[in-house]
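S.K.: Got a structure here, written out as structure tokens. Questions coming.
All of the numbers you see were taken from the coordinates with simple rules; none came from a lab. These numbers were taken from a predicted model, which means no experiment stands behind them. Every residue, glycine among them, receives a Cβ derived from its backbone with ideal geometry; neighbour counts consider all protein chains shown.
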Amino acid sequence: MVVEDNRMVRGLIVNILKSKGYTVLDTEAGWEALGVCEREKGPIDLILTDVVMPHMSGPELIEWLRKVRADFKVLYMTGYTDETIVQHGILEKGVNLIHKPFTIEKLERKVREVLDKN
């Protein structure tokens, strides 16, 4: 599942992942992602979410989603530096993170890396 409030960025990510054979659910906002996760019957292997979004941050979203289901891994994406997001308490050190802008190859590699982790 891709959760990204920027329509163009979300569309690009969804197209890249679909072209690589992934089945992708895409949502614009945290509340929308919560509804999709509640309704989706099949597994959701990965949540790729922006860190900073209006109304609900990526970490807040993941906290809520873990109450609904726990069958997913998480990859955060951000345009902020590691230092900024850790210093401001937005994310903890060591989480799966990809920085925007990223290349197609970097996105593919990072998604595969997160999915392959135990």
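S.K.: In the range 19-64, what residues are more than 24 Å from ILE104 (Cα to Cα), hydrophobic (A, V, I, L, M, F, W, C) and out of contact with any Leu (no Cβ under 7 Å at 6 or more places or on another chain)?
M.R.: Correct list: TRP31, MET56, LEU61, ILE62.
S.K.: Consider GLY30 carefully, then state whether it is crowded, with 19+ Cβ neighbours inside 10 Å, closer than 15 Å to MET77 by Cβ and of a type outside the set (Lys, Arg).
M.R.: yes
S.K.: Further question on the same structure: Identify all residues within the range 1-51 that are in contact (Cβ under 8 Å) with a residue 60 or more places away in the chain and of a type in the set (D, E, K, R); write none if there are none.
M.R.: GLU4, LYS20, ASP45
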